[in-house]
Amino acid sequence: MTATNSTCQRGLGSIGVILYVLMLLPLLACLVSSAWLHVAVAKTRLAVDMAAKAAAKSVDEAELARGNIVLDGDIALNTFTWYLAENLQLTSTLKPGQGSIAAGQVIIEEFVVYGQADVPVKEVRTGAIIDRPAIHFVVAVPVELVMALPGLPSVITLRVHTDVGLNLTGE
């Protein structure tokens, strides 16, 4: 084997390794983005659930003592918004603050209070039957993917839907 053939083979081998690495980069980007997305979904879901549970505590205590579940929708919405902002590190206007996973304005798309007179009711999004007083929430949270592929969006919107039932013990 001559020196020229040996150099040529090493050059082709180097090109092969470079092409192999370039083919693996998109796969790596997908794996990292997928892992980050799972973390973002879990954090967002937990933040919405905790804020919803806090809002569900906005029951009128005097009415509760009489066996009636009465919820002030304005107080519940304010409570939910405050806890959501705290949990996701947002400003009071639900814009991302320092350290937030949100990549833009968080929007409370749906907020519905189902009182005792409103149930049972079929929930429109899922078809689930709500058979006791509850609060229904849908929140949209934009999150930035850590490694987006060219041509694909770098910010996606997570929509979290939760229904929190209210009961006579105030839990």
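Every number in this text was worked out from the coordinates using simple rules, so none of it is lab data. Because the structure is predicted, anything quoted here is derived from the model rather than measured. When we count neighbours, we look across all protein chains shown, and the Cβ atoms used for this are built from the backbone with ideal geometry, even at glycine.
Odds and ends about this structure:
- Applying 1/(1 + (r/R0)^6) with r as the Cβ-Cβ distance of residue 91 and residue 41 and R0 = 25 angstrom yields a FRET efficiency of 0.65.
- Amide H contacts under 5 Å for residue 158, placed H, 5+ residues apart: 141, 143
- Counted over segment 19-171 with a bin width of 10 Å, the fraction of Cα pairs per bin, in whole percents, is 11, 34, 27, 17, 8, 3, 1, 0.
- Selected from 57, 122, 95 as most flexible by GNM, with the chain as the system and alpha-carbon contacts under 10 Å: 122
- Efficiency of FRET from Cβ geometry, residue 34 and residue 128, R₀ 30 Å, rounded to 0.05: 0.60
- For residue 114, the residues whose amide H sits under 5 Å from its own are 134, 135, 136, ignoring neighbours fewer than 5 places away on the same chain, with H placed 1.01 Å from N.
- Ordering of 140-146, 74-80 by packing [mean C-beta count within 10 Å, highest first]: 140-146, 74-80
- With an a/c value of 1.5 or above and a/b larger than b/c for the gyration tensor axes a ≥ b ≥ c computed over the alpha-carbon atoms, segment 85-171 is described as prolate.
- The charge dipole of segment 3-165, taken about its Cα centre with unit charges on the Cβ atoms of Lys, Arg (+1), Asp and Glu (-1) only, comes to about 800 debye.
- By the compact-protein rule of thumb, 2.2 N^0.38 Å, the alpha-carbon radius of gyration of segment 24-64 corresponds to a ratio of 2.06.
- A simple rule links phi to the HN-Hα coupling: the Karplus curve 6.51 cos²θ - 1.76 cosθ + 1.60 with θ = phi - 60°, which for segment 29-34 gives 4, 5, 5, 5, 5, 5 Hz, with x for Gly and Pro.
- Think of segment 3-165 as a dipole: +1 on every Lys or Arg Cβ, -1 on every Asp or Glu Cβ, centred on the Cα centre; then among 138, 32, 51, 32 lies furthest on the positive end.
- Placing pseudo-labels 7 Å out from each Cα toward the beta carbon at residue 117 and residue 152 gives an inter-label distance of 5.0 nm.
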